[in-house]
1. Take ASP92 and decide whether it is free of Cβ contacts under 8 Å to residues at least 60 places away in the same chain, out of contact with any Pro (no Cβ under 8 Å at 6 or more places or on another chain), closer than 26 Å to ILE135 by Cα and among the acidic types (Asp, Glu).
2. Are any residues in segment 115-146 in a loop (DSSP other than H, G, I, E, B) and not charged (D, E, K, R), and if so, which ones?
3. Pull up segment 60-90, narrow it to residues that are part of a loop (DSSP other than H, G, I, E, B) and either modelled with pLDDT under 90 or in contact with a helix residue (DSSP H, G or I) (Cβ under 7 Å, 6 or more places away or on another chain) (or both), then point me to the one that is most open to solvent (accessible area, probe 1.4 Å).
4. If you go through segment 91-116 one residue at a time, how many are surrounded by 14 or more Cβ atoms within 10 Å (Cβ to Cβ) and among the basic types (Lys, Arg)?
5. Kindly indicate the residue of segment 13-51 that is outside any loop (DSSP other than H, G, I, E, B) and either polar (S, T, N, Q) or closer than 26 Å to GLU127 by Cβ (or both) and also least open to solvent (accessible area, probe 1.4 Å) among those meeting that condition.
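The values are calculated or read from the model by the stated rules, or taken from the named source; none is laboratory data. Every value quoted in this text rests on a predicted model; they were computed, and no experiment measured them. When we count neighbours, we look across all protein chains shown, and the Cβ atoms used for this are built from the backbone with ideal geometry, even at glycine. Protein only, heavy atoms only, side chains kept; ligands, DNA and RNA dropped before computing areas. Shrake-Rupley method; radii C 1.70, N 1.55, O 1.52, S 1.80 Å.
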Amino acid sequence: MTPPVPARHMERWQQLLVLAIAALLLLLAVLVGSQAYRTVFRPPPLRFTQDIYLPTRNDICPGDTVTYRPRLIVTRVPSLIVVARTLWSTGDQRTIVPDRDPSFFVWTEQERGAPVTRVVAYRLPTELPPGLYEIRGAATALNSDAAAYRVPFVIAESCFAKGRTS
């Protein structure tokens with residue numbers, strides 16, 4: 001008859017090591033799960049309702065004022081929001097006019113979640129050649145993420161017909 005094989009027993013330090021590793025894995029799973037939950041189910045702190053806004057009129061020439069109506073929703077308050085706008089040349093892929101005077105807004109609890117629409121009037125330089133352009137706007141809260149939009153428009157050759165330039 002074969003003698004019975006003795007059962008393997010773990011030493012006390014081995015048991016503690018296994019428990020410590022299991023606790024760390026559980027903590028890691030909780031942290032990853034909570035981050036995924038916040039990313040999926042929690043809305044961003046601020047966002048524009050659209051990525052692209054259109055100008056209020058289509059016949060835009062150098063020196064004109066482009067008007068449009070962006071809508072911003074802020075869900076985390078109180079927030080100090082900084083909004084900057086630049087003029088971008090789509091053909092050259094570069095900034096033509098950077099924003100040297102950004103706007104500042106303070107959002108309070110009463111405005112949380114309500115879309116705020118502002119009419120923006122952006123004055124174009126008088127020396128723009130014909131081409132495709134965008135006004136690019138971005139908003140950021142000093143304690144959170146950012147959101148951006150763009151307003152595409154065309155400076156047509158017809159702007160430079162006799163007597164049409166500003």
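1. yes
2. Those that are in a loop (DSSP other than H, G, I, E, B) and not charged (D, E, K, R): PRO115, VAL119, LEU124, PRO125, THR126, LEU128, PRO129, PRO130, LEU142, ASN143, SER144.
3. Within segment 60-90, the match that is most open to solvent (accessible area, probe 1.4 Å) is PRO78.
4. 1
5. Per the criteria, the residue is SER34.
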